[in-house]
Amino acid sequence: MSAVSSSSPVVDPKGAYRDELIAAGLLISTGVDGIYGRSARFEQVVDALQDSITRMTTPDKPELMRFPPLLSRKDFLDSGYLKGFPHLAGTVHCFCGNEADHRRLLECVEEGKDWSDMQEAAEVVVTPAACYPIYPIVARRGPLPAEGLLVDVSSYCFRHEPSIDPCRMQMFRMRENVRIGTAEQVLAFREDWLKRGFAWVEKLELPVAIDLANDPFFGRAGKLMAVGQIDQQLKFEMLVPVTSEENPTACVSCNYHITHFSEIWPLRDQNGEMAHTSCVAFGIERITLALFRHHGFDIDSWPAGVRAELWP
Ligand SMILES: [Zn+2]
């Protein structure tokens, strides 16, 4: 992109790329930052990425699980998500009143007054990460088999962080493979995916760098948690510049949770030891946006190698 001269208005490159995507008909504006419709051309790439990940992971024989983008409120509270990320959570609230309450509700709406106190928390919240629903479900099955477990999961996820950066959507698809087992099994999985994930992004001919990362924990206590996460090398991200060279976008992440989830839910290996867990997560929209950024909006003119990987 060319430098902005001193006489031009300052244009935020993140907002500029979003406007380009909307003008080109790839994303559809809803009027809310971070919530977009997707066009056929955008979904063509999304489907191809999902298929490419499926081809890559099928030899590992994962157990496939799919959930709607909702999580039981009990599991959500148990997970501790509200401790770390209260600012990102999306809860679901519903009207449960009688006819008089309904009249009051409509009056409030009519008068532009707050009507949210007539809503009650539902038994579900919006899924914050694709792997969250599986831990309590696997724990309920009892001890893991000797070989542990590998799960393929994918979902729309919600994070309340409205932004003009199209790479920071409020709802987006996350595809994950999750390993649950002994420390050795889980660390081997993580090591393997650091290489495989990187090689896969390189096959898409995207400029990628790998770096240690931390989750966006809330508040002052959160800063300490973030430092601990970096010190223990629990999270690696595969970064591709999309809307910024200085702040490249995390397109794939490899996360090691140690025994965080087996301290909450009784995930146990065959010997009754606390299971370790790790996940590799693919940000489907982010990878799609990186492809459009680096190879152009015309899919037919993408490099032959990229097309061969996506549409073999
Ligand atoms: Zn995960």
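The values are calculated or read from the model by the stated rules, or taken from the named source; none is laboratory data. What you see is a predicted model, and the numbers here were worked out from it, not measured in a lab. FYI the Cβ positions are ideal-geometry reconstructions off the backbone, even for glycines, and counts take in every protein chain you see.
Summary of computed values
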| read-out | value |
| --- | --- |
| Out of Q270, Q233, sole residue that is more than 29 Å from D47 (Cβ to Cβ) and touching a strand residue (DSSP E or B) at 6+ places or on another chain (Cβ under 9 Å) | Q233 |
| Of residues in the range 160-186 being among the aliphatic types (A, V, I, L, M) and away from the ligand (no atom under 16 Å from the Cβ), the one surrounded by the most Cβ atoms within 10 Å (Cβ to Cβ) | M169 |
| Test: Q185 is in contact with a strand residue (DSSP E or B) (Cβ under 7 Å, 6 or more places away or on another chain) and free of Cβ contacts under 8 Å to residues at least 24 places away in the same chain | no |
| Flag for D101 being acidic (D, E) and either in a loop (DSSP other than H, G, I, E, B) or touching a residue at least 60 places away in the same chain (Cβ under 8 Å) (or both) | no |
| Residue in the range 207-224 that is surrounded by 15 or more Cβ atoms within 10 Å (Cβ to Cβ) and at pLDDT 95 or above present | yes |
| Answer residue from the range 28-44, given it is in a loop (DSSP other than H, G, I, E, B) and of a type in the set (A, V, I, L, M) and is surrounded by the fewest Cβ atoms within 10 Å (Cβ to Cβ) among those | V32 |
| Selection status of R293, charged (D, E, K, R), under 22 Å from Y156 (Cα atoms) and touching a residue at least 60 places away in the same chain (Cβ under 8 Å) | no |
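One line per residue, one yes/no per condition, for (1) of a type outside the set (S, T, N, Q); (2) more than 30 Å from F292 (Cα to Cα); (3) under 22 Å from the mean Cα position of the chain (by Cα):
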residue: S39; (1), (2), (3): no, no, yes
residue: F42; (1), (2), (3): yes, no, yes
residue: T57; (1), (2), (3): no, no, yes
residue: P69; (1), (2), (3): yes, no, yes
residue: K74; (1), (2), (3): yes, yes, yes
residue: L77; (1), (2), (3): yes, yes, yes
residue: G97; (1), (2), (3): yes, yes, no
residue: E110; (1), (2), (3): yes, yes, no
residue: W115; (1), (2), (3): yes, yes, no
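Yes/no per residue for (1) among the hydrophobic types (A, V, I, L, M, F, W, C); (2) at pLDDT 95 or above; (3) within 16 Å of the ligand (Cβ to nearest atom):
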residue: L82; (1), (2), (3): yes, no, no
residue: H87; (1), (2), (3): no, no, no
residue: A122; (1), (2), (3): yes, yes, no
residue: T127; (1), (2), (3): no, yes, yes
residue: L144; (1), (2), (3): yes, yes, no
residue: L149; (1), (2), (3): yes, yes, yes
residue: F158; (1), (2), (3): yes, yes, yes
